[in-house]
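Engineer: Structure below; questions to follow.
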Amino acid sequence: MTLEISFIFGGLSTEYDGSVTSFANILSSYLALPRAERPFSVRHLYHISRVDGLVRTIPFNSISTIADLEPYISETSTIPGRTLLSTFEAIESRNEYVVNLLHGQFGEDGGIQTLAVISGVAGSFGDPHVASLTMNKYAMSAFVSSLFPAEMVRVPKTTLITPRNVDQSINIAMSLDRPFVVKPNSLGSSLFTQLFYDPPSSEQEIDTLLRAIFTHDTAAVLQEFIPGDEYTCGCLISSSEIIPLPIVKLEANNDFCGRDQKYSSNVAKKTVVNVNDDISRRVQNITTSIASSINLYNMARFDFRVSADEEIWFLECNYVPGTAKDGSFEKMLHSYGMTVVDLVSWITSNSKTFKKPDHYIMYDRL
């Protein structure tokens, strides 16, 4: 029997564009395949508008090219939408399996995962608690730090900054005599991420950046900068095993990969590292260990820095990796021998849907 799936994409987060780009690459790759070679059939496409937050249900039989999506996802669309809750109720009644391609807030932070559990919707959403942990850079850094000995993997010194302690944190930053990175605590795509080589001379710039972050996030992190090379490693997670993917090295002119460097092919170079390379093996082992220690589902991607003396430093986890064309995760997949379409087929065939545990305990029967 042919697999039948639906997709949800778009959203209200600052990573809306990344979600649309991820979906567009999967859809265009799927449409490019002859019908007889498509490993699954598509039932519905669900687009969450960033304008009104409503869901437009796109019947797949109306789509033959990427351009056919425009009337449904346009910011001026007049096509009627419905709330996410009512959409999920309809999805559950039709017993659909949904692949989640929402990034950022309410896509990777436990929000959509919780709604899926409550609504009984089957799909690639995963565990709400784990999604919440991985989206929180400060909490995830603390978790990884407690998981490994320093000789295996280290975590940069990290300070959590909130609107309540921002002035105190800036004073601490000004006292540091080394470069550091300021970034949002729970936004992805390296949004608002900036490296400061000389903190004392950048006080006003740091304050302005933090104020900008606080309009989109409840907290920021100040993290010591680790000179070296940046690597990223993805993994596939089935119900029985974790498969580390080939790692990708990111190279930028100024030794730092912020948003501009990561998302511009003219600035950052992305290279798949030889699988037999020592760094590659170590990073893959660490990736597997982290993924084995928390209840991850389907796929994930982890970012690292490797210093000149080959110490490995953990940076963050991406719960729903982007699948954009020529992105890091797609390069890993291609090196492993998979396309983004194969990825979707693999997830629906090999992974499991998160089931809410029965929390009610009848003590009199224990």
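The values are calculated or read from the model by the stated rules, or taken from the named source; none is laboratory data. Fair warning: this is a prediction, and the values are worked out from it, not measured in the lab. As a convention, Cβ positions derive from the backbone with ideal geometry for all residues, glycine included, and neighbour counts pool all protein chains shown. These accessible areas exclude ligands, DNA and RNA; they are computed on the full protein's heavy atoms, side chains included. Shrake-Rupley method; radii C 1.70, N 1.55, O 1.52, S 1.80 Å.
Engineer: Mind listing just one residue for me: the one in segment 170-195 that is more than 30 Å from Thr323 (Cα to Cα) and touching a residue at least 12 places away in the same chain (Cβ under 8 Å) and, of those, surrounded by the fewest Cβ atoms within 10 Å (Cβ to Cβ)?
Structural biologist: Arg178
Engineer: Could you check, for segment 267-275, whether at least one of its residues is touching a helix residue (DSSP H, G or I) at 6+ places or on another chain (Cβ under 7 Å), in a loop (DSSP other than H, G, I, E, B) and either closer than 16 Å to Tyr319 by Cβ or modelled with pLDDT of 95 or more (or both)?
Structural biologist: no
Engineer: Related question: Out of the residues in segment 212-221 that are in a loop (DSSP other than H, G, I, E, B) and open to solvent by less than 20 Å² (accessible area, probe 1.4 Å), state the one that is farthest from Asn350 (Cα to Cα).
Structural biologist: Per the stated criteria, the residue is Ala219.
Engineer: Mind listing just one residue for me: the one in segment 2-19 that is open to solvent by less than 30 Å² (accessible area, probe 1.4 Å) and assigned to a strand (DSSP E or B) and, of those, farthest from Ala212 (Cα to Cα)?
Structural biologist: Ile5
Engineer: Still on this model: Considering only segment 222-243, I want to know if a residue exists there that is part of a loop (DSSP other than H, G, I, E, B), modelled with pLDDT under 85 and within 15 Å of Val306 (Cα to Cα).
Structural biologist: No, the conditions are met nowhere in segment 222-243.
Engineer: Would you pick out the residues in segment 196-211 that are buried (at least 17 other Cβ atoms within 10 Å of the Cβ) and over 14 Å from Thr162 (Cα atoms)?
Structural biologist: Across segment 196-211, the qualifying residues are Phe196, Pro199, Ser202.
Engineer: Tell me which helices (runs of 4 or more DSSP H) are completely within segment 49-163 and hold 1 or more residues being at pLDDT below 90 and either buried (at least 18 other Cβ atoms within 10 Å of the Cβ) or not charged (D, E, K, R) (or both), or say none if there are none.
Structural biologist: Filter on segment 49-163 gives 70-73.
Engineer: Quick one: which of Ser77, Ser13, Ser49, Ser19 is small (Gly, Ala, Ser) and in contact with a Pro (Cβ under 8 Å, 6 or more places away or on another chain)?
Structural biologist: Ser77
Engineer: May I pose another question? Does segment 167-177 contain any residue that is of a type in the set (A, V, I, L, M, F, W, C) and within 22 Å of Ser328 (Cβ to Cβ)?
Structural biologist: No - not one qualifying residue is present in segment 167-177.
Engineer: Just to be sure, is Thr323 part of a loop (DSSP other than H, G, I, E, B), closer than 25 Å to Asp229 by Cβ and among the polar types (S, T, N, Q)?
Structural biologist: In short, yes.
Engineer: While we're on this one: Mind counting the residues in segment 267-306 that are farther than 25 Å from Phe143 by Cβ, crowded, with 18+ Cβ neighbours inside 10 Å and touching a residue at least 60 places away in the same chain (Cβ under 8 Å)?
Structural biologist: Summing the residues that are farther than 25 Å from Phe143 by Cβ, crowded, with 18+ Cβ neighbours inside 10 Å and touching a residue at least 60 places away in the same chain (Cβ under 8 Å) in segment 267-306 gives 1.
Engineer: Identify, by number, the condition in (1) exposed (fewer than 12 other Cβ atoms within 10 Å of the Cβ); (2) among the hydroxyl-bearing types (Ser, Thr, Tyr); (3) closer than 19 Å to Ala324 by Cβ that Ser22 doesn't meet.
Structural biologist: Ser22 satisfies every listed condition except (1).
Engineer: So, one more: Is it the case that some residue within segment 237-253 is in contact with a Pro (Cβ under 9 Å, 6 or more places away or on another chain) and open to solvent by less than 70 Å² (accessible area, probe 1.4 Å)?
Structural biologist: no
Engineer: To continue, here is another question. Cβ contacts < 6 Å: first residue among the hydrophobic types (A, V, I, L, M, F, W, C), restricted to segment 20-35; second residue open to solvent by 40 Å² or more (accessible area, probe 1.4 Å), any location; separation 6+ or different chain. Result?
Structural biologist: Matching pairs, first to second residue: Ala24/Ile66.
Engineer: Something else now. Kindly list, by first and then second residue, each pair from a residue in segment 137-149 that is closer than 23 Å to Thr218 by Cα to a residue that is among the charged types (D, E, K, R), limited to pairs with Cβ atoms under 6 Å and residues at least 6 apart or on different chains.
Structural biologist: Lys137/Glu316
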